[in-house]
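The values are calculated or read from the model by the stated rules, or taken from the named source; none is laboratory data. Because the structure is predicted, anything quoted here is derived from the model rather than measured. Note that each Cβ is placed from the backbone with ideal geometry, even for glycine, and that neighbours are counted across all protein chains shown. We work out accessible area using only protein heavy atoms, side chains counted, and drop any ligands, DNA or RNA first. Shrake-Rupley method; radii C 1.70, N 1.55, O 1.52, S 1.80 Å.
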Amino acid sequence: MDDLTGITVLRAEGERLGAFARRRAPAIHEAVATDGAVLIRGAGAEDVADFQQALDGLGFRPLEYTERSTPRSEVGDGVFTSTEYPAREVIPQHCESSYAGAWPGRLAFFCATPAATGGATPITDVERVLEEMPAEVVEALEARGLRYVRNYGSGVGLDWREAFQTDSRAEVDRFCAAGGLEWEWLEDDRLRTVRRAPATVAHPRTGRRVWFNHLVLFHQSALPQGLRADLVALFGADGLPNDVLFGDGSPIPDELVAVARAVFERRARRFAWRRHDLLVIDNMRWSHGREAFTGERRVLVSMSDLITRSARPEPAHRG
């Protein structure tokens, strides 16, 4: 059953998606500013070209996808496939690139082909998440901060070339130095990066604090228990493709993450994709995820409105 609470829904009644987005752009912008999410239904479209016309009408300036954490394919100018994980896998809630030094302020999702079953993109109001998060969880995370540890090139997860979209170590060095990352080149052409970041931030437009992090996605407890044990045995506790710790490097207890995950589960808004749906969200107001699915699901995404982390620690480089 669809739950569109808090999401503005606009009906296109068969109008071409690009034309509708351009004509109704003021209303769409207002809905994103007010509610943080707007769903356009019933538009006519053919695929990428119509999606790109809608993006143009909404003033999107599509961003490159750098410091990647998931595999995607670029199918148009700044238009990507959604994360190319196996259909059986669930992707936990997260705000796009909240682990990074810069992230998109707006996301647009376009459903070219809905899944046969499942495959929803649940979204969650992270301002409400923060309000409902137990005080002891928020206090612990705000006092100690977060430490994102990422390992590239082990054969599990992304290679550093794909993540940073370059074959040049020097380019990676420059990116890390400019973006506040600590980094270390390891043997066997592997790379480890570390970023320290807060768990909550102030929304740049409203000034209200929001839950903005990759805790429930990057934490080891997001992995199936058997796979988690195998990866730790193979690569060590600090060698997983993605992990998140307290800022001082100590592990975050599974129980704390389970509490956070439960808040997301209570607050998530879910709807079944319909062909040619367009969902535009404020990436610092709503998180998103993905359900498992069957069939040939094809959901495209574009990112716009770059926001850069203002407080950067001095980067450190080893190796």
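Projecting label points 7 angstrom from Cα along Cα→Cβ for Ser250 and Ala262 puts them 2.3 nm apart.
Given a 1.4 Å probe and the protein chains as shown, Thr66 ends up with an accessible area of around 50 Å².
Between the helical axis of 25-34 and the longest alpha-carbon principal axis of the chain there is an angle of about 50 degrees. How much FRET efficiency would the formula 1/(1 + (r/R0)^6) give for Glu74 and Glu13, where r is the Cβ-Cβ distance and R0 is 45 Å, rounded to 0.05? In this case the efficiency is close to 0.90. Surface calculation, 1.4 Å probe, protein heavy atoms: Ile307 sits at approximately 40 Å² accessible. Restricting the calculation to Cα atoms, region 195-319 shows an Rg/Rh of 0.98 when the hydrodynamic-style radius is the Kirkwood one. Label point of Arg169 set 7 angstrom out along Cα-Cβ; within region 134-157, amide nitrogens under 18 Å from it belong to 151-155. Taking a Cβ cut-off of under 14 Å around Arg61, the surrounding Lys, Arg, Asp and Glu residues balance to a net charge of -3, with basic ones at +1 and acidic ones at -1.
Only protein atoms count toward the accessible area here, which uses a 1.4 Å probe; on region 1-142, the carbon and sulfur part of that area reaches 49 percent.
With a cut-off of 19 Å on the backbone N, the residues of region 236-254 near the modelled label site 7 Å out from Tyr85 along Cα-Cβ are 239-245, 254.
With a probe of 1.4 Å, find how much accessible area the chain has per residue, and write the answer as a whole number in Å². Intermediate results must be reported in sequence, preceding the final value.
Values: 13660 Å² over 319 residues.
Result: 43 Å² per residue.
The alpha carbons of the chain give a radius of gyration and a Dmax of 19.3, 58 Å, in that order. By accessible area, using a 1.4 Å probe on protein heavy atoms only, region 208-259 has 62% of its surface on carbon and sulfur. The listed residues Arg72, Arg208, Arg261 rank as Arg208, Arg261, Arg72 when sorted by accessible area, largest first, using a 1.4 Å probe.
Using Cα centres only, tell me the gap between region 93-113 and region 177-251 in whole Å. Using only Cα atoms to place each centre, the spacing works out to 17 Å.
About its Cα centre, the dipole of the chain is roughly 680 debye, where the only charges are +1 on Lys and Arg Cβ and -1 on Asp and Glu Cβ.
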